[in-house]
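A.B. asks: This structure is in structure tokens; I'll ask about it shortly.
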Amino acid sequence: MSQNILVTGGAGFIGSHTVVALAESGFNPIIIDDFSNSEPSVLAGLRNILGRDIPCYAQDCNQFSLLRSIIRDHQISGVIHFAAFKAVGESMEEPLAYYRNNLGSLITLIDAMLAEGITNLIFSSSCTVYGNPDNPPVTELTPVKPATSVYGNTKQIGEEIIRDVCAAKPLKAISLRYFNPVGAHPSAEIGELPRGIPNNLVPYVTQTAAGLRKQLTIFGGDYPTTDGTCIRDYIHVMDLAEAHVAALQFSFQQKESVYYDTFNLGSGQGNSVLELVHQFEKISKKPLPYQIGPRREGDVVAVWADVQKSKELLGWSTRRSLEEALRDAWRWQQKFG
Ligand code: UFG
């Protein structure tokens, strides 16, 4: 019989793609999402891809009794926790809102899981925990550096909370450290829906190509990299989604009552901002208007993942190229003009 998986933040960018990957792997995903940074139209997109409705609670997941009753009513076997605020700049202006939302919901969720005897948890962490690494690629043993943003700190503290609970209670948990998720489902039924002016590179690029923004500003052209622009590890969001399924299955395979580990989720390849822009131009078949501007405060110079551990233990690796991700992101953007 297929297992029911609770997906908090399941209407968000990574959450919605993971719902697809879960359903396609024979799991029954159940979403809880307060739609504070996502759109109800995502549910229609999921229905069009999967041919059925996915149960969804339009609620804040920081509610102990509600979580307990959802876990009980749906006989949940595992939880993937995406629900969180994620804007770096905003986190510096509203630190309490970030700590309350991101950490409060994590604590409430684990409390509810333990109360209901649910032991398997997958947590959304970030490569931001590595800060500005000395020698990329980074492995999971690369030292975690002091966070440079409140958002980043919520991810670091989140990992620590889970690790500490695993030392004391029967919990099998995995923190997944995401590099830069990009792209969309190839059907263009779901994708990234940034509110207002995008902070992230790829939505800014696609909106510029669509004529919604005048030009892209590349933040810094004088970094010590091959072409002077920052280097990141861009990963197709469907590859990232599939990694969650692999991690969940791996957690179910653990025989001991307690398990905790961290995994990098990236492509293992670094690309500069300019490389990405030029790849995108080939796909859209037109030049992208851009200028080189000043550096953005807090930006890491170069980071990409060593993904050996994810490959070996989770049996997962990326299957899609950056080109495919940009093509899917562009197809998704073109739905909106
Ligand atoms: N960039 C531009 N112009 C833009 C937007 C981005 O040049 O308009 C550059 C950035 O300087 C960076 C690269 O594109 O070099 C990628 O930037 P993103 O904002 O897309 O991604 P980041 O690597 O900065 O952010 C990622 C995650 C965040 C996380 C952050 C922490 O998306 O969730 O890492 O380091 F908080």
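A.B. asks: Would you be so kind as to identify which of GLY270, PHE280, ILE190 lies farthest towards the positive end of the dipole of segment 166-284, taking Lys and Arg as +1 and Asp and Glu as -1 on Cβ and the Cα centre as origin?
C.D. replies: Ranked along the dipole, the leading option is ILE190.
A.B. asks: Which of rounded, prolate or oblate describes the chain when judged by the alpha-carbon gyration tensor and an a/c cut-off of 1.5?
C.D. replies: prolate
A.B. asks: Can you give the accessible area per residue of segment 157-291, in Å², using a 1.4 Å probe?
C.D. replies: Details: 5440 Å² over 135 residues.
On a per-residue basis, 40 Å².
A.B. asks: Output the pairs from LYS86/LYS155; LYS214/LYS286; LYS169/LYS311 with a Cα-Cα distance over 19 Å in this structure; if there are none, say none.
C.D. replies: Numbers: LYS86/LYS155 10 Å; LYS214/LYS286 14 Å; LYS169/LYS311 28 Å.
Listed pairs above 19 Å: LYS169/LYS311.
A.B. asks: Relative to the present Cα-Cα distance, how much length would full extension add between SER187 and GLN334 at 0.36 nm per residue of separation?
C.D. replies: The SER187-GLN334 span can extend by a further 51.7 nm.
A.B. asks: Let me ask something else about it. Return the long-range amide H neighbours of ASN4 (sequence gap of 5 or more, or a different chain), with a cut-off of under 5 Å between placed amide H atoms.
C.D. replies: Amide H neighbours of ASN4: ASN28, SER77.
A.B. asks: Apply the Karplus curve 6.51 cos²θ - 1.76 cosθ + 1.60, θ = phi - 60°, to the phi angles in segment 44-50 and return the couplings in whole Hz, x for Gly and Pro.
C.D. replies: Values, residue by residue: 5, x, 5, 4, 5, 6, 9 Hz.
A.B. asks: I need the shape label for segment 73-157. Rule: rounded when a/c is under 1.5, else prolate if a/b > b/c, else oblate, with a, b, c from the alpha carbon gyration tensor.
C.D. replies: Taking the square roots of the gyration eigenvalues as a ≥ b ≥ c, segment 73-157 is oblate.
A.B. asks: Moving on to the next point. Place a label point 7 angstrom from the Cα of ILE161 along the Cα-to-Cβ direction, then list the residues of segment 63-78 whose backbone nitrogen is under 18 Å away.
C.D. replies: Of the residues in segment 63-78, 63-68 have backbone N under 18 Å from the label point off ILE161.
A.B. asks: Taking square-rooted eigenvalues a ≥ b ≥ c of the alpha carbon gyration tensor, is segment 1-63 rounded, prolate or oblate, where a/c under 1.5 means rounded and, failing that, a/b exceeding b/c means prolate?
C.D. replies: On the way: a/c = 1.95, a/b = 1.31, b/c = 1.49.
Verdict is oblate for segment 1-63.
A.B. asks: Please work out the average accessible area per residue across segment 70-137, using the 1.4 Å probe convention, and give it in Å².
C.D. replies: For segment 70-137, the solvent-accessible area averages 42 Å² per residue.
A.B. asks: Let me ask something else. Quickly rank 311-321, 267-277 as a protection proxy: mean count of other C-beta atoms within 10 Å, highest first.
C.D. replies: Ranking, from highest mean packing down: 267-277, 311-321.
A.B. asks: Oh, and also: How much of MET92 can a 1.4 Å solvent probe reach, expressed as accessible area in Å² and rounded to 10?
C.D. replies: Counting only protein heavy atoms, the figure is 110 Å².
A.B. asks: What percentage of the solvent-accessible surface of the chain, computed with a 1.4 Å probe over protein heavy atoms, is contributed by carbon and sulfur atoms?
C.D. replies: Heavy-atom surface of the chain belonging to carbon and sulfur, 1.4 Å probe: 50 percent.
The values are calculated or read from the model by the stated rules, or taken from the named source; none is laboratory data. This one's a predicted model, so the numbers in the text were calculated from it and none came from an experiment. Virtual Cβ from ideal backbone geometry, glycine too; neighbours counted across all protein chains shown. With ligands, DNA and RNA removed, areas are computed over all heavy atoms of the protein, side chains included. Shrake-Rupley method; radii C 1.70, N 1.55, O 1.52, S 1.80 Å.
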